[in-house]
1. Determine the per residue accessible area of the chain with all protein chains present and a 1.4 angstrom probe, expressed in square angstrom.
2. With every protein chain kept in the model, how would you rank Leu278, Leu381, Leu195 by accessible area, 1.4 Å probe, largest at the top?
3. Apply 1/(1 + (r/R0)^6) to the Cβ-Cβ distance of Val368 and Trp31, taking R0 = 25 Å, and write down the FRET efficiency to the nearest 0.05.
4. How large is the charge dipole for the stretch 253-331, taken about the Cα centre, if only the Cβ atoms of Lys, Arg (+1) and Asp, Glu (-1) carry charge, to the nearest 20 debye?
5. Stretched out fully, how many nm does the piece from Asp152 to Thr226 gain, at 0.36 nm a residue minus the Cα gap?
6. Between Val64, Val20, Val265, where does the largest GNM mean-square fluctuation fall for the chain, given springs only between Cα atoms within less than 10 Å?
7. For the stretch 129-241, take the alpha-carbon Rg, divide it by the Kirkwood Rh, and send me Rg/Rh.
8. Mean separation of Cα pairs under 8 Å and 6+ residues apart, divided by the residue count of the chain: what relative contact order is that in percent?
Amino acid sequence: MSVRLSPLELMTQLIRFPTVSRDTNLPLVDWVEEYLRGHGIGAHRYYHPDQSKAALFAHVGPQVEGAVVLSGHTDVVPVDGQPWDSDPFDVVERDGKYFGRGTCDMKGFDALAIWALVEAHYAGVSTPMQLALSFDEEIGCLGAPPMIAAMDGVVPKGGSVIVGEPSMMKAVTGHKGGQGFDTHVIGFEVHSSLLPQGVSAILEGAKVIDFANHQNAINYAVKPSTLAAMFDPPCTTWHVGQVSGGTAHNITAKDCRFSMDFRAVPGDDVAALKAAYLAHVREIEKGMQAVHPDTRIDIETRFDVPPLQPETDGAAEAIVRAITGDNGTHVVSYGTEAGQFQAAGYSAVVCGPGDIAQAHQPNEYITVAQFQNGHEFMRDLVARLA
């Protein structure tokens, strides 16, 4: 029989794997699968199409539907260029904090979930528990939907999902959704002194980007709905974070690339938001092609994350509130995989240890107290299922 590791030992092991989203997570998945197997728990994989990454899921308890699913992601954001005071891929404890990339977002929760699954197995729970660890969450929640689909028919359908993004162990019942569109403006190059004869991809791209300013101004001016007013900011927002393009200062730009993203409050029509952006793009493209027919604007959807809608008498919310005693109303403006589970027919809630303000930062940390709170939550959860 394998040694049963503590949550801290598990977190330390998980963080040693540098699973930045651009790289493989297979060594971590191999280790977790072997650890679970050592305790008599079988696990299943869903592979990324290029086989470089995998999601992992497992079931313990009776082979019936209605399991409580503990959901986390295995990837982390890069540490490149960040001024860390210690090795980001080694857990260091100081000043009442555990430092390391992923301690907060979200290998701390992953460790707690793995610990809970093993404990639930040995406890012989009467209500089943499942573990679901995805990949590519940090680049648009890309790995969860195919993982959720792969779970169907391989393990019994779960009922309530607890997504352990850092929420200070509060029950987050709503979050914004979002879509991102990789936008490539293709212009026509001429010497900049002959500007009217060319099509500058950058100047035309600026017109496309200004759509965000226009929409934000409209949204900020409208009185928010009761649900929207719970968010900060209390409306759907549009954003462009990076722009690239151009060849030289005296040539009309052939290319301009950027991603146009929106974060939508629950209740907004995301299909209509996308349609409005595409209509704006085609109007700009029409003007470009009137100057030169070889110009165009290519659009590719980069990510599509549904919002988490507050549920009426949600089962997942009820479990978290019963254990934590939290009866407050909490929503967040970032997206998570909870909305994707909810869209697939699960009851979902976000609840995990740590403060989201520490996520993605140099010297990322989770406080020892928050990690212990997460451990206490898992102990109570296992007891309830048993």
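The values are calculated or read from the model by the stated rules, or taken from the named source; none is laboratory data. Quantities reported herein were computed from a predicted structural model and do not represent experimental measurements. Neighbour counts are summed over all protein chains in view; Cβ atoms, including those assigned to glycine, are modelled from backbone coordinates with ideal geometry. These area figures cover heavy atoms from the full protein model, side chains too; ligands, DNA and RNA do not enter into them. Shrake-Rupley method; radii C 1.70, N 1.55, O 1.52, S 1.80 Å.
1. 42
2. From most exposed to least exposed: Leu195, Leu278, Leu381.
3. In this case the efficiency is close to 0.55.
4. Using Cβ point charges on Lys, Arg, Asp and Glu, the stretch 253-331 gives about 340 debye.
5. Using 0.36 nm per residue and subtracting the Cα-Cα distance, I get 23.1 nm.
6. Most flexible of the set in this elastic network: Val64.
7. Rounded to two decimals, Rg over Rh is 1.14.
8. 25
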